[in-house]
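Step one of this worksheet: look at the structure below.
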Amino acid sequence: YAARVVSGTAIARQIHKEIQASVEQLVGQGNRRPHLAVILVGDDPASRVYVRNKTRAASLLGISSSALLRPAGVTQAELLDLIDQMNRDWRVSGLLVQLPLPGHINERAVCNAIAPEKDVDGFHIVNIGKLVLDQRTMVPATPAAVWEIIQRTGIETVGKNVLVVGRSKNVGMPIAMLLHSDRNHERPGGDATVTIAHRCTPREQLTHHCRLADIVIAAAGVPQLITADMVKEGAVVIDVGINRIQESGSGRIRLVGDVDFEGVRQKAGFITPVPGGVGPVTIAMVMKNTVTAARNALAH
Ligand code: ADP
């Protein structure tokens, strides 16, 4: 078996074209360009890369953006005040705070401070509640990316067995929400039979559930977690992991997912690579949410 390698880069390019057209239509109708404001606290190198990728993608798509940098020692009160300013600023269509935040700041309080209609990450408690109730809302970008990859690749989900490995509130949980829910609801779901594995799942149970899965979505942050012996022949394997590992020889930092790509590609039907899989589509979905926020603001 030789899996089809699904290019997230190519899917992102297609979504970019749609977003560009949508932005130009908005602007052509006399509206301001959508604007994305990104708040970055501290100088974590990975977070800086994510923020740069988002502002760069925005500028390519005709979305204006600003990165608001605050030192790691910023107080929670100062951060909430900045969010409040952005919430009131009518020029800002979408607002996100890059996670993780330093330990002295309560991430939940920060996510809940963002105006739900500007919450392009979809982490506000009201937006999560709507997601769980299958209502139309801002879907978090990584789960939305997994959904888009599945839909645009033409993969059937109805009645299929899906294994989601990982239960984080930003990634695993919302992926499971999208895939198990009803396709006829306001926010359509995948109508799949979904199993969620997590750090308490014994290794042999993980293997057992994985072998039954038509679609495996790996979001555990563990390199080499999913290997060929665990995967059903012809299965769809979507790798959401982003792990930085140091190569033993050169000492260089390399990005790998949670899936043993070289092994699993010989058994799966479809596989997404890392990098170049879920990552670029995730960024595209933040941009799409920004345009949606801008459009929603017009309607009010
Ligand atoms: P992310 O934001 O990508 O979901 P987190 O580190 O927040 O990453 O979450 C990792 C998730 O993966 C957790 O829900 C954890 O329970 C799960 N996990 C960690 N190790 C394993 C493992 N060996 N098998 C299955 N799930 C795991």
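The values are calculated or read from the model by the stated rules, or taken from the named source; none is laboratory data. What you are looking at is a predicted structure, and each value in this text was computed from that prediction instead of being measured. Note that we place each Cβ from the backbone using ideal geometry, even for glycine, and neighbour counts take in every protein chain shown. For accessibility, only protein heavy atoms count, side chains too; no ligands or nucleic acids. Shrake-Rupley method; radii C 1.70, N 1.55, O 1.52, S 1.80 Å.
Would you say Ile105 is open to solvent by less than 70 Å² (accessible area, probe 1.4 Å) and over 21 Å from the mean Cα position of the chain (by Cα)?
Working: open to solvent by less than 70 Å² (accessible area, probe 1.4 Å): yes; over 21 Å from the mean Cα position of the chain (by Cα): yes.
Criteria met by Ile105.
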How about segment 131-167: which of its residues are free of Cβ contacts under 8 Å to residues at least 40 places away in the same chain and farther than 20 Å from Ala220 by Cα? Leu133, Gln151, Gly154, Glu156, Val158, Gly159
Name the single residue, out of those in segment 137-192 being within 16 Å of the ligand (Cβ to nearest atom) and of a type in the set (S, T, N, Q), that is surrounded by the most Cβ atoms within 10 Å (Cβ to Cβ). Thr142
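Considering only residues that are in a loop (DSSP other than H, G, I, E, B), open to solvent by 50 Å² or more (accessible area, probe 1.4 Å) and among the aliphatic types (A, V, I, L, M), which ones fall in segment 215-261?
Step one: list which residues in segment 215-261 are in a loop (DSSP other than H, G, I, E, B), which gives 219-225, 227, 231-235, 240-242, 247-252, 257-258, 260.
Now restrict to residues that are open to solvent by 50 Å² or more (accessible area, probe 1.4 Å): 222-224, 232-233, 242, 247-250, 252.
Within segment 215-261, Val222, Ile242 meet the criteria.
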If you check Arg211 against the conditions, is it out of contact with any His (no Cβ under 6 Å at 6 or more places or on another chain), modelled with pLDDT of 95 or more and within 10 Å of the ligand (Cβ to nearest atom)? no
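From the list Arg32, Arg52, Arg91, which one is surrounded by fewer than 18 Cβ atoms within 10 Å (Cβ to Cβ) and under 27 Å from Ile238 (Cα atoms)? First the steps, then the outcome.
Values: Arg32 fails: under 27 Å from Ile238 (Cα atoms); Arg91 fails: under 27 Å from Ile238 (Cα atoms).
Residue meeting the stated conditions: Arg52.
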Which is surrounded by fewer than 18 Cβ atoms within 10 Å (Cβ to Cβ) and aliphatic (A, V, I, L, M), of Ala37, Ala58, Ala2, Ala12? Ala2
Read through the list (1) free of Cβ contacts under 8 Å to residues at least 60 places away in the same chain; (2) not assigned by TED's automatic domain parsing to the domain that holds Gln151, then give the number of the only condition that Met287 fails. (1)
Could you figure out which of (1) within 22 Å of the chain's Cα centre (by Cα); (2) surrounded by 15 or more Cβ atoms within 10 Å (Cβ to Cβ) isn't true of Arg199? (2)
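Looking at segment 139-151, is at least one residue charged (D, E, K, R) and more than 17 Å from the chain's Cα centre (by Cα)? Write out each step before concluding.
Kept after step one, since they are charged (D, E, K, R), are these residues of segment 139-151: 148.
From the residues that got through so far, the ones that are more than 17 Å from the chain's Cα centre (by Cα) too are none.
No.
Return yes when Ile39 is in a helix (DSSP H, G or I) and either within 15 Å of Asp121 (Cα to Cα) or in contact with a Phe, Trp or Tyr (Cβ under 7 Å, 6 or more places away or on another chain) (or both) and no when it is not.
Numbers: in a helix (DSSP H, G or I): no; either within 15 Å of Asp121 (Cα to Cα) or in contact with a Phe, Trp or Tyr (Cβ under 7 Å, 6 or more places away or on another chain) (or both): yes.
Judged against the criteria, Ile39 is not a match.
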Within segment 74-122, restricting to residues that are in contact with a strand residue (DSSP E or B) (Cβ under 8 Å, 6 or more places away or on another chain) and of a type in the set (Gly, Ala, Ser), the one that is nearest to Val132 (Cα to Cα) is Ala115
Filter result for Glu24 (open to solvent by 20 Å² or more (accessible area, probe 1.4 Å), outside the structural domain of Thr153 (by TED's automatic domain parsing), farther than 25 Å from Arg295 by Cβ and of a type in the set (Asp, Glu)): no
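Among the candidates Ile242, Ile196, which residue alone is in contact with a strand residue (DSSP E or B) (Cβ under 9 Å, 6 or more places away or on another chain), over 19 Å from Ile271 (Cβ atoms) and near the ligand (Cβ under 9 Å from one of its atoms)?
Values: Ile242 fails: over 19 Å from Ile271 (Cβ atoms).
Going through Ile242, Ile196 in turn, just one is in contact with a strand residue (DSSP E or B) (Cβ under 9 Å, 6 or more places away or on another chain), over 19 Å from Ile271 (Cβ atoms) and near the ligand (Cβ under 9 Å from one of its atoms): Ile196.
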Every pair of residues 6+ apart whose Cβ atoms lie under 7 Å, when the first sits in segment 9-25 and is polar (S, T, N, Q) while the second is crowded, with 18+ Cβ neighbours inside 10 Å: Thr9/Pro280; Gln20/Leu61; Gln20/Gly62; Ser22/Val291
